[in-house]
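Participant: What follows is a single structure, and I will ask about it in a moment.
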Amino acid sequence: MKSNENLQKDVQSAIRWEPLLSETEIGVIAKDGVITLTGVVDSYAKKMEVENAAKNVSGVKAVAETIEVRYNSPFKKNDTEIAHEILNAWKWTWEVPNDQIKVKVEDGWVTLEGEVEWNYQKQAARKAVENLTGVKGVSNNIAIGSRSKDLIEKQAVEHALARSWFINAQDVHVNVVGNKVKLTGSVHSLYQKEEAARLAWNAPGVFAVDNELAVEHN
């Protein structure tokens, strides 16, 4: 088990290792596997990069952050401009059924609502927004309403996890009830936990994923 000091150093090193973040000043506090991140960055993409770098460190169980996105004057945009750019970005992203998604922008914070058939569409909608100038944050409230009413095959989800080199599928237990998948067991990083859920979401007919995987220290 890593000490708080060692976990803090590992997260700091992971953040500095990312090219976009090498000169970014981010405060890192570690306590019992929970990482708290503070600081200021000049884009939402960098904020997400910081979070992902921290999540990928072994031993991190949860990430709390108060990182502020602060754009320089030449790159500031009003909410109307941001909304137009989002709609335009979706036109060039084939995974996004933009006629099924509504967007609201308030002081740079983007809220996405609506219903799509697949989780990858929900994630693609968010990803297209994250890198746009002026965006300070994203709330992805898009619901999954698959047209497939077939029961999910437990074995298909297990095989998907087994194909991932990043996850030890033997440590992950899959339970399927109707159109809901429940994951239990353990992984070694928060990133692995989220990756397992992403793979489960890819199964046809999934309406919900209950991710109860525990993140254990090495």
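Values quoted throughout were computed directly from the atomic coordinates according to the rules given, and no laboratory measurement underlies them. Predicted model, so just to flag it, every value in this text is computed and none were measured. No Cβ is skipped: glycine too gets one built from the backbone with ideal geometry, and neighbour counts run over all protein chains shown.
Participant: Under 11 Å from a label point 7 Å along Cα→Cβ of Asn88: give me every residue in region 43-81 with its amide N that close.
Facilitator: 81
Participant: Now a separate question. Taking only DSSP H segments of four or more residues, each worth -39500 (n - 2.57), what value at 222 nm results for the chain once the sum is divided by all its residues, to the nearest 500 deg cm²/dmol?
Facilitator: -10500 deg cm²/dmol
Participant: Further, regarding this structure: Could you give the size of the charge dipole of region 71-192 about its Cα centre, using +1 on the Cβ of each K and R and -1 on the Cβ of each D and E, expressed in debye and rounded to the nearest 20?
Facilitator: Here the size comes out at about 120 debye.
Participant: For region 60-166, give me the percentage of DSSP beta bridges that are antiparallel, rounded to the nearest 5 percent.
Facilitator: Just about 50 percent of them are antiparallel.
Participant: Quick check: net charge around Val181, other residues with Cβ under 10 Å of its Cβ, Lys/Arg +1 and Asp/Glu -1?
Facilitator: +2
Participant: How big is the dipole moment of the chain about its Cα centre under a simple scheme where the beta carbon of each Lys and Arg is +1, that of each Asp and Glu is -1, and everything else is neutral? Debye, nearest 20, please.
Facilitator: Dipole size: approximately 180 debye.
Participant: Same structure again: Just subtract the alpha-carbon distance of Ala45 and Glu115 from 0.36 nm times their residue separation and send over the number in nm, one decimal.
Facilitator: 22.7 nm
Participant: Report which label in [x] -0.38, -0.46, -1.24; [y] -0.42, -0.52, -1.30; [z] -0.37, -0.46, -1.42 holds the value of log10 I(q)/I(0) by the Debye sum over Cα atoms at q = 0.09, 0.10, 0.18 Å⁻¹ derived from the coordinates of this structure.
Facilitator: Computed from these coordinates, log10 I(q)/I(0) by the Debye sum over Cα atoms at q = 0.09, 0.10, 0.18 Å⁻¹ corresponds to label [y].
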